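*Asks:* Structure in structure tokens, see below.
Read-outs: derived from the displayed coordinates by stated rules, not from any lab. Since we're looking at a predicted model, the values are computed, not measured. Backbone-built Cβ (ideal geometry, glycine too); neighbour counts: all protein chains shown.
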Amino acid sequence: QVQLVESGGGLVQPGGSLRLSCAASGFTFSWYQVRWYRRAPGKERELVASITSGGSTVYADSVKGRFIISRDNAENMVYLQMNSLKPEDTAIYYCNVVIVFTDYWGQGTQVTVSS
């Protein structure tokens with residue numbers, strides 16, 4: 001079955017960096033676009049970044065220039081390198097893939113940016 005497992009979240013000071021990982025299994029990973037979303041307290045879910053099977057990337061304006069999404073098809077992994085973190089980046093971050101019109105989600109990883 002499709003599984004997505006996020007890791008790498010934590011507490012970081014403003015201006016710091018974190019690298020999130022998403023381990024995928026149960027499907028042909030290299031075929032599919034993968035997305036990172038986040039949900040901050042009291043806010044709606046936001047698309048942060050996406051990467052196609054061919055490696056093309058798209059970013060939300062709020063993270064452009066600070067975050068980098070990448071993938072390793074040999075290891076079935078997607079990464080989100082987050083730099084220059086701000087308190088408003090505090091959220092639960094989720095990995096997502098859509099397969100045959102079905103959304104699959106990981107359990108999420110908490111990122112807290114605070115001094």
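*Asks:* Just to check your reading of the model, which residue among N76, N96, N83 is touching a residue at least 12 places away in the same chain (Cβ under 8 Å) and on the phi > 0 side of the Ramachandran plot?
*Replies:* After ruling out the rest, the residue left standing is N76.
*Asks:* Would you mind finding the one in S30, S62 that is out of contact with any His (no Cβ under 8 Å at 6 or more places or on another chain) and farther than 21 Å from V113 by Cβ?
*Replies:* Answer to the selection: S30.
*Asks:* Here are some residues: S50, S70. Which one is in a strand (DSSP E or B), free of Cβ contacts under 8 Å to residues at least 40 places away in the same chain and closer than 14 Å to A24 by Cα?
*Replies:* Checking each option against the conditions leaves just S70.
*Asks:* Give the residue, chosen from V34, V63, that is of a type in the set (V, I, T), surrounded by 15 or more Cβ atoms within 10 Å (Cβ to Cβ), out of contact with any Pro (no Cβ under 6 Å at 6 or more places or on another chain) and under 18 Å from V97 (Cβ atoms).
*Replies:* The unique qualifying residue is V34.
*Asks:* State all residues of the stretch 31-64 that are small (G, A, S), out of contact with any helix residue (DSSP H, G or I) (no Cβ under 8 Å at 6 or more places or on another chain) and closer than 17 Å to Y93 by Cβ; if no residue qualifies, say none.
*Replies:* Selection gives G42, A49, S50, A60.
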